Amino acid sequence: MQLSSEDKINFSNIGLMLITAVCAYFYPFETFLLAYAYLGPLHYLTEISWLHDRNYFSKGKYDFLVLLIVGVLLSVAAFSKDFGFNTAFYDSFVSMNLFDKLLVFALFSSILFALVQNLIIKIISILFLYVFVSGWLSPENAAQQSENTAIFALTSLVPTLIHVYLFTGLFMLFGALKYRSKSGLWQMVGFVVIPLILVFYLPVNIKNSNLTEYGKNAYYAKGDGFFMTNVSIMDHFKLIDEPNLTNKQFLDSVVNNNKSGYPPEQRARISDSLKGKLNQDYIVENSRSEYFGRSIPLRYAIPVDVKNYFWDSVFFSTIGIMLMRFIAFAYMYHYLNWFSKTEVIKWHKVPKVRLIAIVVIWLAASIFYAYDYSLGLSLLFFLSFTHVLLEFPLNIFSIVGIGKETISIAKNGFSLKEK
C-alpha cells in the first residue's frame, strides 16, 4: 500500500521526534541552545510571515495590532533592562507588574480576535478585560498569588513550554482530526509517549551528563538566559531539594550581623544556646513567622547569590536534567515540526523580496548568537516574544477546531476521506 504525502510527513515526524529525543538525551542543554539560536529565528520570521498572509487567524483586519503593540511595549522594557537605557521605564513595568498583565491580556484578547467579528463588542470587551486583568494581577495581589499555579502557567509557561509543546500538540491534533488522518493520530501518540520515556524512563547520570562549558555559559547567558526559567519551574513545583538555614548561618548572618539590632548580651545568650548543634537546622522561634517551629529555606532567611545557589540544581541534579531533556525536546521538535510541513503549510510561498529579507535577518541573528549568546537573546527578544503573541488567535482557532471536529466525528464517525 502506497503512503500518501500526508502519511509520509506524519511518519517522518515520528522519526524527527526520535532524533530529537536522542539529541535531548545525550546533550539536553546544547540541543536546546543550538535549536533556539539557529532554528528559532528562522521559525519566528517564517511563521509571522505565514500568519500575516492569513490575517493572523483573526476576525478583524487590524486585531493583530493590539498584540503587536503589547510585543513592542514588552520589548522596549526588556531592551531598557538589557542595554541600560531608560531604566525608569523598566522599573515602572516591574512595579506595576506589567509584564504579567500585558501577556495575560494579550492571551485573553485573542479569544475575542479569533471568535468575534463585531468591532464595537471587541473594543468594549477589551476595555473590560484590561480592567479585570489589571485588578487580578495588581502588584498588591502579587505576593498572595505567587504560589497560584494557574497564574504561574499563564505568566511563565504560556510563552515558553505551553507555547512550544501544548500549542504545537493542539495544532497537530486539529490537523489530524480535520483530515481524519490515522497517521496524524499516530503522530500524536509519539508526541506524548516519546518525551514521557525520555524524561521518566531513561537513566540519568549526573556525574557524566555530557554538559559542556559552552552549554553552561550560554544557558546562563550572563544572567539573561533560560537558567531562571528552569529555576522558576523547579521552584514553583517544589522540585528543588533546598538547604535550610543552619544554626551557624543564623548566628553568622543574622544574630552577629552589625545591622541585626541584637544587644551583646542577647547575642551571647543565643550563641550559648546553640553550642554543639551549629550544623543542625535553625528552628524558627518567631511566632509571627509562617515557618514558626520549623526550619526555614536558606534563601528565604538570608540573601543568597542566585546563580551559585541554583547552579547545581539546574545543571547537576537528576530533576534538573530530566526537566532539561523535556525542554530540549519540546523546543527542537517545535521547530522541526514547522519546517517538516513546509509543503503543507506553504510558509515559503511569499514574495521574493520578503523571502530575501527573512534570510538576511536570519543570517544576522545567527551571527549574533554565535558571537555572544546573551546578545542574541537580547536583540531577538522582540521577534521571539512577539511571534508567541501573534500566534495566540491561531491557538484559539485550533482549540475551537478540535472541539468541532470531535463533535463531528462523534456524530458521523471517523473517515479517511478529506472533508
Among G401, G376, the single one that is assigned by TED's automatic domain parsing to the domain that holds F32, within 30 Å of V193 (Cβ to Cβ) and among the small types (G, A, S) is G401
Of all helices (runs of 4 or more DSSP H) fully inside the stretch 143-228, the set with 3 or more residues that are within 21 Å of the chain's Cα centre (by Cα) and farther than 23 Å from F385 by Cα is 182-196
Taking the stretch 268-305 and keeping only residues that are outside any helix (DSSP H, G or I), of a type in the set (S, T, N, Q) and farther than 15 Å from N244 by Cα, one is left with N286, S287, S289
Does the stretch 103-111 include one or more residues that are among the β-branched types (V, I, T), closer than 19 Å to F64 by Cβ and surrounded by fewer than 18 Cβ atoms within 10 Å (Cβ to Cβ)?
-> yes
Only unsatisfied item for L137, checking (1) of a type in the set (A, V, I, L, M); (2) more than 21 Å from the chain's Cα centre (by Cα); (3) modelled with pLDDT under 95; (4) crowded, with 17+ Cβ neighbours inside 10 Å, is (2)
N337: passes all of (1) surrounded by 15 or more Cβ atoms within 10 Å (Cβ to Cβ); (2) outside any helix (DSSP H, G or I) but (2)
Open item on the list: If I filter the stretch 144-165 for residues that are surrounded by fewer than 18 Cβ atoms within 10 Å (Cβ to Cβ), touching a helix residue (DSSP H, G or I) at 6+ places or on another chain (Cβ under 8 Å) and closer than 23 Å to L375 by Cα, do I get at least one hit?
Closed with: yes
Within the stretch 370-418, restricting to residues that are in contact with a Lys or Arg (Cβ under 8 Å, 6 or more places away or on another chain) and either without any contact (Cβ under 8 Å) to a residue 60 or more places away in the chain or assigned to a loop (DSSP other than H, G, I, E, B) (or both), the one that is nearest to F113 (Cα to Cα) is E418
Residue hits (the stretch 283-326; crowded, with 17+ Cβ neighbours inside 10 Å, in contact with a Lys or Arg (Cβ under 9 Å, 6 or more places away or on another chain) and not assigned by TED's automatic domain parsing to the domain that holds N217) are V284
* Return yes or no: is L33 closer than 26 Å to W338 by Cα and buried (at least 22 other Cβ atoms within 10 Å of the Cβ)? => yes
The one condition I111 fails out of (1) over 22 Å from the mean Cα position of the chain (by Cα); (2) in contact (Cβ under 8 Å) with a residue 60 or more places away in the chain is (1)
Going through the stretch 1-44 in order, the residues found to be assigned to a helix (DSSP H, G or I) and polar (S, T, N, Q) are S5, N10, S12, N13, T20, T31
Checked pairs for the stretch 61-72, first under 14 Å from L119 (Cα atoms), second assigned to a loop (DSSP other than H, G, I, E, B), C-beta under 9 Å and 6 or more apart or across chains, list as F64/S58
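The values are calculated or read from the model by the stated rules, or taken from the named source; none is laboratory data. Predicted model only: the values in this text are computed from it and were never measured. Because the Cβ atoms are built from the backbone with ideal geometry, glycine has one as well, and the counts that use them run over all protein chains shown.
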